[in-house]
Amino acid sequence: MKAILRQKSKRKQLLWIVGLILLVIFLIRVYVIPKHFPNSTNETLIYLKSVLDKISISLIVSMFIGWFLFKIEVPEEQSKFEIIEPKRIADYFALGRIGTSFWYFSGGVGRFSRNVTIPKIAEISQSNNTSKIIRLNIINPLDEELCENYAKYKNSLRSAKDTKINWSSKFVKNQAFATIFKSIIYKSHFPMLEIDIYLKKIFTTTRTDLNESNCVITKEDKRDLGLVCTKDTFLYKTYKEEIYQESKQLSKLNIDKEIDNVVLNNITKINVEEIAKLYDFKLEEQDLIEITGFLNDGKSIY
């Protein structure tokens, strides 16, 4: 029924067929039987009239219910999504980068955004001479309690045993700072790349990467399944509005000051220290060293 009602031509054919059947039943019931068998009490005729009545009622009720459900049901293309295996997540990210004019991220410290999304989109922007927008909603590295809670959560995941990374409050802070520093550097080097950073007061257990063609939802545990929904679907529009409204409630970090003398593939501790001074980030010597290491580590988590 749903497949037929979805197509306008078949929908008309169905209505014509049902209408003709009801018309035939009506003529038989109202004109044929009374005219030829006016006072008949034959059991066959009684049974025939009962069958015709039931067919009429069934057709009318079925059409009403089918039409009602067709009108109120969310279209299939509006609710379509796909559950994807971890090994396929990177493929959907790569597909999303093709031709997109923006990339919105909301999650934790933004490691994948720092190591893959920003460099790849910057490269595409430069090669195509097109402007790109990147918006990152990451946890506030200056919020010690938030960093501590996020570190505890990361250590509790099953993937923590595989990575052999001991997440601490300072490790989380420096990871987030590394994403901020990478954004500052790339924004200075690529004038057609607009990067905005918003600092979150809480962390979530899911990450949202949304671009012009799809939206990919992933968990903090890289071994968990992901969810992808394509443009023009109900879920895509919902997540896009979610990130937009979330950003409006967060504090935006000013990263408009330009940085010179930085080699993208060889960022030094001196570069990191200069950026920290320029933006008045109070970082210790060990923090600068660790952040420098994060900036030069371009490994993807997928």
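We did not get these values from a lab; they are worked out from the coordinates using the rules stated. The model shown is predicted, which means the values in this text are computed figures rather than measured ones. Cβ coordinates were reconstructed from backbone atoms using ideal geometry, including for glycine residues, and neighbour counts include every protein chain displayed.
Observations on the structure shown:
- Residues whose amide H comes within less than 5 Å of that of GLU212, counting only those at least five positions distant or on another chain, are SER101, PHE102 (H built at 1.01 Å from N in the peptide plane).
- Within the stretch 262-302: backbone nitrogen closer than 18 Å to the HIS189 label point (7 Å, Cα to C-beta): 262-276, 291-300
- Cβ charges +1 (Lys, Arg) and -1 (Asp, Glu), total dipole of the stretch 190-253, debye: 180
- Legend: calculated FRET efficiency, LEU45 to ILE83, from the Cβ-Cβ distance at R0 = 51 Å, rounded to 0.05, equals 0.30.
- At an R0 of 25 angstrom, the distance between the Cβ atoms of ILE65 and THR230 translates into a FRET efficiency of 0.25.
- Two-site label geometry, ASN155 and LEU20: point separation in nm, points 7 Å out along Cα→Cβ: 7.6
- Partners for LYS87 among aspartates and glutamates (Cα-Cα distance below 15 Å; same-chain residues under 8 apart left out): GLU220, ASP221, ASP224
- Computed helical MRE - 222 nm, the chain, DSSP H runs ≥ 4 contributing -39500 (n - 2.57), nearest 500: -17000 deg cm²/dmol
- Of the complete DSSP H runs in the chain, those spanning 24 angstrom or more by Cα along the long axis with a mean Kyte-Doolittle score not below 0.5 are 8-27, 43-72.
- Of SER58, SER183, SER159, the one that fluctuates the most in a GNM where the chain has Cα springs shorter than 10 Å: SER58
- Using the Cβ-Cβ distance between THR205 and LYS164 with R0 = 30 Å, the FRET efficiency computed as 1/(1 + (r/R0)^6) comes to roughly 0.90.
- Label point 7 Å beyond Cα of GLN245 along Cβ direction - residues of the stretch 215-237 with amide nitrogen under 19 Å: 215-217, 232-237
- Cα centroid separation - the stretch 84-102 against the stretch 259-281, whole Å: 30
- Eigen-decomposition of the gyration tensor built on the alpha-carbon atoms of the stretch 123-271 gives equivalent ellipsoid semi-axes of 25, 23, 16 angstrom, largest listed first.
- For ARG135, residues with placed amide H under 5 Å, excluding near neighbours: TRP103, TYR104, PHE105, ASP196
- Of all the options ASN155, ASN211, ASN129, the one that moves most in a Gaussian network model of the chain with Cα springs shorter than 10 angstrom is ASN129.
- Computed magnitude of the charge dipole of the chain (debye, nearest 20; Cβ of K, R +1, Cβ of D, E -1): 1520
- Just checking the listed ones, ASP232, ASP91, ASP280: in the Gaussian network model of the chain with Cα springs under 10 Å, the one fluctuating most is ASP280.
- With both residues required to sit in the chain, DSSP beta bridges show an antiparallel share near 60%.
- The Kirkwood radius of the stretch 215-300, taken over pairs of alpha-carbon atoms, gives through the Stokes-Einstein law at 20 °C and 1.002 mPa s a diffusion coefficient of 130 µm² s⁻¹.
- Compactness check for the chain: Cα Rg over 2.2 N^0.38 Å is 1.60.
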